[in-house]
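The values are calculated or read from the model by the stated rules, or taken from the named source; none is laboratory data. This is a predicted model, so every value here is computed, not measured. Cβ sites come from the backbone with ideal geometry, for glycine too, and all protein chains shown count toward neighbours. These area figures cover heavy atoms from the full protein model, side chains too; ligands, DNA and RNA do not enter into them. Shrake-Rupley method; radii C 1.70, N 1.55, O 1.52, S 1.80 Å.
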Amino acid sequence: MSSAPMIEVSNLTKRYAGHTALAGISFSVARGEIVGLLGPNGAGKSTTMRILSCFMPATSGTVRVAGYDVFHDSEEVRRRIGYMPENNPLHNEMRVREYLKFRARLKGLGRARSRDRIDTVLQQCSLTDVSKRIIGQLSKGYRQRVGLADAIVHEPDLIILDEPTIGLDPHQIRLVRSLIKSLSGSHTVLISTHILPEVEMTCSRVMIMLGGKILASDTPDNLQSRMAGKGQIIAEIAAPVAELKTAWSQMAEVEHYDVSPSEGNFHRCALTPRDGCDLRPEIFTLVQQRGWQLRELTRNRHSLEDIYVQVTKPNEEEE
Amino acid sequence: MHVFLTLMRRELGTFFVSLTGYVIISGVALLSGLSFCVLIRQMGGSGYQLPVTELFFQSPMFWFTLLIANAVITMRLYAHEKYSGTYETLMTTPVSDLQVVSSKFAAAWVFYMIMWLPFLGCCYIIQHYAKQAGALDTGVLLSTFTGIGLFGAFFISFGGFASALTVSQMVAAMLSLLMGLALFALSYVSGPAFSSGNWQEQVLSRFSLFEQMQEFAHGVIDTRSVLLLLSLTFFFLFLTLRAVESRRWK
């Protein structure tokens, strides 16, 4: 059982009256992975998560979590997941510790065990100081962490977080991210977001969703290297334009170049290498040989944002 | 069992951590106090053969209290959780639908019974001033509270059902108020309970809540009424369970 994937989704379809939210998606997530579901609003991320957490049935297809079917063995699945829905709904009238105790007991933890676990998660989520405060009076950052603490309090195998960092300030986002990263290995985490750097920093795999379909699924690095062929190299060099142009046209690895004037007597050269090779050492040697002045030499890596825009663009136009 | 108790404790707690619970209890205290004042004025010192409790239930005040309080208590049971989203966090924990429905019902019913405690106070005040042993009888008081409890269970079960159907507390309250009023009106239509007449009237008269409560307040616990109220309660709890489960069919 332990070697089986944590999540197995095959041909999952969800139709609401009038529109299809998920159009037959299939994927699987191995144990210990942190997977990011990325996509614009309405792509089907939340629907996928709601079906995985047994809140909503699928129209067709099968979904298994830790080997259990979400429809037929719903209670077994729910025992193994920690789910934080979008907007993080909490009981505002309760105190933090009281709420976590309530949730831990609901999730089947005994009295002593729940006390231990609550102490642990309060510390993990830096909530110890506010454990006696009323949830309704807490700031957004604290509330979000209370939701996270609730999701992990019973040490679930699978943690499902729907937009965990939405509406947080940069400092709080860092805190939440590092918390999610610390969960990897022992837990499987599925997070959804439409914030790209989040996925880039926390996830071992990214699935890009659009219009109820999965368009791409790979590690952030692999997705980037797939695009790297088109990554440009930028060099700012103080040299006459004509000399620069001849140099680039003589360099075999340069597929395309563009030289534009910059401040002072510097020129900005944007070079597109052939086959995605790294031209920086060659450029540096050239500059040294000619005795030019160099003030910038960078490789324009494709961010996940470019990939995301590229992957989702054609379909958006179709719509 | 501990899931049921955990859920029930939280549910009951929500009445007391917010103003809702206190407002309802003081409202009921005010209403029953008022109706007792009216009662005492009406009696005007002349001797009455009936126990105080029975006189109280002859006034419509009891029914107003029951109808309005029931709607206010039950409207938030499911609708509020659905609206705020906590329903999603609740239903994704390993709790069964039956545990959710039964704990919510139990908590609302316990609160409903607590709500009637001021009424007990009124009874004792009357007894104190009437200085008559017959004014208040423990047996009658017990049967009265049995009646209050059974009626409460029935009203709360359909109030809960109304709340399980919708996201809006307002709609839930309107639905349960409407149904309560319809049942109340039926009592007037059908005439005296267990009357002889054609079969339609016979059937309707079985649902005459007014008359049935009167019986309880008189100190009579009629098994027919008890069974009717209990089966109606279970029927609506069953419907509520179906409504909660319907999430899995859609």
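Applying a threshold of 19 Å to the alpha-carbon distances of A:101/A:181; A:14/A:45; B:82/B:104 flags A:101/A:181 as lying beyond it. For chain B, a Kirkwood hydrodynamic radius built from all Cα pairs, placed in the Stokes-Einstein relation at 4 °C and 1.567 mPa s, yields a translational diffusion coefficient of 68 µm²/s.
Each eigenvalue of the Cα gyration tensor of chain A, multiplied by 5 and square-rooted, gives one semi-axis; in descending order these are 47, 24, 16 Å. Expressed to the nearest 5 percent, the antiparallel share of DSSP beta bridges inside the protein assembly as shown is 70 percent.
Look at the Cα gyration tensor of region A:97-153: its axes a ≥ b ≥ c give a/c of at least 1.5 with a/b over b/c, and that counts as prolate. Placing unit charges on the Cβ atoms only, positive for Lys and Arg and negative for Asp and Glu, gives region A:232-300 a dipole magnitude near 120 debye about its Cα centre. Taking the alpha carbon gyration tensor of the protein assembly as shown, multiplying each eigenvalue by 5 and rooting it gives semi-axes of 69, 24, 20 Å, largest first.
At full extension, residue B:220 and residue B:86 could sit 43.9 nm farther apart than now, given 0.36 nm per residue minus the alpha carbon distance.
Need the per-residue list for region B:1-40: every residue with at least 10 Å² less accessible surface in the complex of protein chains than in the chain by itself, probe 1.4 Å, sorted by number. Checking the loss per residue gives B:2, B:3, B:6, B:7, B:9, B:10, B:14, B:17. The charge dipole of region A:26-165, taken about the Cα centre with unit charges on the Cβ atoms of Lys, Arg (+1) and Asp, Glu (-1), comes to about 540 debye, rounded to the nearest 20.
Projecting label points 7 angstrom from Cα along Cα→Cβ for residue A:277 and residue B:146 puts them 9.7 nm apart. Of all the C-alpha pairs in region A:140-270, what % are more than 28 Å from each other? In whole percent, the long-distance tail amounts to 45. Surface burial for A against B, with a 1.4 Å probe and both sides summed, reaches about 2300 Å² of accessible area.
Rolling a 1.4 Å probe over the protein heavy atoms of chain B, with every protein chain left in place, gives an accessible area that is 71 percent carbon and sulfur.
Placing pseudo-labels 7 Å out from each Cα toward the beta carbon at residue B:98 and residue B:2 gives an inter-label distance of 2.0 nm. Note that region A:232-300 presents 57 Å² accessible area per residue, ligands and nucleic acids not counted, probe 1.4 Å.
Using 0.36 nm per residue and subtracting the Cα-Cα separation, the extra length available between residue A:126 and residue A:93 on full extension is 9.8 nm. Which shape class, rounded, prolate or oblate, goes with region B:85-180 when its Cα gyration tensor gives a ≥ b ≥ c as root eigenvalues, a/c under 1.5 marks rounded, and past that a/b bigger than b/c marks prolate? Note, shape of region B:85-180 comes out prolate. In region B:76-101, comparing the full protein assembly with the chain on its own, the residues that lose 50 Å² or more of accessible surface at a 1.4 Å probe are B:86, B:88, B:89, B:92, B:93, B:94.
Averaged per residue, region A:7-222 has 39 square angstrom of accessible surface, using a 1.4 angstrom probe with ligands and nucleic acids left out.
Solvent-accessible area assigned to carbon and sulfur over region A:232-300 amounts to 46 percent, based on a 1.4 Å probe. Rolling a 1.4 angstrom probe over region A:7-222 with all protein chains present gives an accessible area of which 46% lies on carbon and sulfur atoms. Looking at region B:2-248, the accessible area is 44 square angstrom per residue; that uses a 1.4 Å probe and ignores ligands, DNA and RNA.
Distance between the pseudo-spin-label points of residue A:222 and residue A:290 (7 Å out from Cα toward the beta carbon): 4.0 nm.
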